[in-house]
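In what follows, a structure is listed as structure tokens, so that the remarks can point back to it.
The values are calculated or read from the model by the stated rules, or taken from the named source; none is laboratory data. Bear in mind the structure is a predicted one, so any value in this text is a computation, not a measurement. Counting neighbours? That spans all protein chains shown, and the Cβs are built from the backbone with ideal geometry, glycine included. Surface areas here come from the heavy atoms of the whole protein model, side chains and all, with no ligands, DNA or RNA. Shrake-Rupley method; radii C 1.70, N 1.55, O 1.52, S 1.80 Å.
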Amino acid sequence: MLKKATGFLIASLFVSTSVFAAVLDGDDFVSATSVTGRANDWSLTFFSVASQGNMKPGKIATQTRSIETYDYLSVRYELDKDQKVALNLPFAYNTAGQNPYGDSVTSDFELRDVHFVYSNYDLGYFGPIDYSGKVKLYLPTSKVAQNSGLITKIRLEGYADWQFAHSWSVAYVAKPDIYWQSQTASINEQIGYRDDGFYFSDPRQTNKQFGLEHYLQFQWNISEMFQVSTKTGFEESWYHASAVEQLEANHTTKFRSGLNLWIKPARGFSFSLGMSNDTILDSGSRGEGVKFWEPQNTQYSLMTNIYVL
């Protein structure tokens with residue numbers, strides 16, 4: 001069953017039985033539901049996150065910066081008050097301008113990986129801990145996925161939420177990824193060029209076979225309109241070895257931290273202002289030392305959710 005609405009539960013947008021997750025997450029911040037079996041069990045929402053990273057070391061912005069966006073239309077159907085399925089149709093749009101490497105880039109539109117989502121907002125309780133989760137199945141519809149030989153990817157998302165005070169809660173979130181691919185190596189087309197025309201680093205890469213993002217998220221309900229959340233945790237990646245390219249298997253760990261302000265100014269519309277930083281923890285193995293909150297690893301974002309119909 002659903003918890004009694006608190007500051008950490010997103011308020012019903014259109015009716016009094018709205019389905020939502022207790023843990024603030026981007027694609028759950030706008031939700032609408034109705035009586036099961038009616039036509040409006042179906043809904044259409046639009047999600048967008050626009051981000052911009054700081055310039056890389058030694059690079060200075062000399063013109064308008066490019067903005068990267070990841071967007072999708074989500075067609076959703078509610079199975080019951082605790083479960084729903086969705087088809088997400090994502091795309092990326094990047095504006096013209098200067099990227100973090102100092103290069104001038106033109107505007108670009110690209111289809112991303114279409115994926116199916118099953119969400120269950122009531123997996124049960126263990127004492128005061130509330131459990132919920134999702135399963136996402138990705139299809140290789142993007143250029144990047146096709147170049148890497150991706151067959152499919154499955155993402156599992158688990159949430160364990162504990163409300164320990166009237167306006168405060170904490171959640172442990174785990175998001176493992178499993179990749180199936182037809183090849184073990186590919187070219188990283190995101191690697192930029194130096195002023196002399198060479199890549200900043202070797203563009204050859206081994207493909208990821210497993211990933212895991214896991215973190216603690218604290219949430220503070222300020223009012224019905226405003227919430228604040230902090231994120232502290234890790235993103236881990238495991239990569240194949242490639243005998244053909246003579247590349248070894250690899251495992252990387254990033255320390256991830258961030259802060260978000262969530263705002264709901266009107267029914268069916270919400271947005272979030274965020275700042276995040278990723279620090280590669282194994283950089284010390286190259287003799288550089290681990291440095292937290294370096295400006296070049298900091299990113300700013302604007303996340304928007306809109307209920308369309």
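Find the relative contact order for the chain and round it to a whole percent, using C-alpha pairs within less than 8 Å whose residues are 6+ positions apart.
Working: 803 pairs, mean separation 49.1, N = 309.
Answer for the chain is 16 percent.
If packing is taken as the average number of other Cβ atoms within 10 Å across a peptide's residues, how do 125-131, 255-261 rank, most packed first? Could you put the intermediate results ahead of the total?
Values: 125-131: 13.0, 255-261: 16.9.
The peptides rank, most packed first, as 255-261, 125-131.
Whole number please: convex hull volume per residue, Cα atoms of the range 232-309, in Å³.
On the way: hull volume 11.6 nm³, N = 78.
Hull volume normalised by residue count: 149 Å³.
Add -39500 (n - 2.57) for each DSSP H run of 4 or more in the chain, then divide by its residues: what number comes out at 222 nm, to the nearest 500 deg cm²/dmol?
Numbers: 1 runs with 5 residues, N = 309.
One gets -500 deg cm²/dmol as the mean residue ellipticity at 222 nm.
Where does the chain land on the Kirkwood hydrodynamic radius, alpha-carbon pairs, in angstrom?
Values: mean 1/r = 0.0474 Å⁻¹.
Evaluated over the chain, this radius sits at 21.1 Å.
Could you check which residue among Y199, Y121, Y72 shows the biggest mean-square fluctuation in a GNM of the chain with a 10 Å Cα cutoff?
Y199
Less than 17 Å from a label point 7 Å out along the Cα-to-Cβ axis of I191: which backbone N atoms in the range 131-146 qualify, by residue?
144
Using a 1.4 angstrom probe on heavy atoms only, work out the carbon and sulfur share of the accessible area of the chain in %. Could the numbers behind the result be given before it?
On the way: 9840 of 16170 Å².
So the carbon and sulfur contribution to the accessible surface is 61 percent.
List residues of the range 156-181, by number, whose backbone nitrogen lies under 14 Å from a label position 7 Å along Cα→C-beta of Y131.
157-162, 172-174
Using a Gaussian network model on the chain with a 10 Å cutoff between Cα atoms, which of Q83, Q217, Q63 fluctuates the most?
Highest fluctuation among the options: Q63.
So what's the net charge close to R204: Lys and Arg +1, Asp and Glu -1, counting the other residues with Cβ under 15 Å from its Cβ? Before the final figure, lay out each step's value.
On the way: positive: K208; negative: E189, D202, E245, E248.
That sum, taken over residues with Cβ under 15 Å, equals -3.
Taking the Cα of I67, stepping 7 Å toward and past its beta carbon, and measuring to each backbone N in the range 293-309: which are under 15 Å?
Residues 300-305 qualify, since their backbone N sits under 15 Å from the label point.
What spacing in nm lies between the two simple spin-label points modelled at K143 and A165, each 7 Å away from Cα in the Cβ direction?
4.9 nm
For the range 64-156, with every protein chain kept in place, what is the accessible area per residue (1.4 Å probe, Å²)?
Details: 4510 Å² over 93 residues.
Value returned for the range 64-156: 48 Å² of accessible area per residue.
Suppose we look only past 18 Å in the calculated P(r) of the range 44-122. What percent of the Cα-Cα pairs does that tail hold?
Details: 1672 of 3081 pairs.
Counting every Cα pair in the range 44-122, those more than 18 Å apart make up 54 percent.
What pairs in K153/K231; K134/K291; K208/K231; K231/K291; K81/K175; K136/K291 have C-alpha atoms more than 28 Å from each other? Please report the intermediate quantities before stating the final value.
Working: K153/K231 25 Å; K134/K291 34 Å; K208/K231 24 Å; K231/K291 18 Å; K81/K175 24 Å; K136/K291 34 Å.
Violating the 28 Å limit, Cα to Cα: K134/K291; K136/K291.
Roughly how many whole Å is it from the C-alpha centroid of the range 84-132 to that of the range 139-185?
With the range 84-132 and the range 139-185 each reduced to a Cα centre, they are spaced 10 Å.
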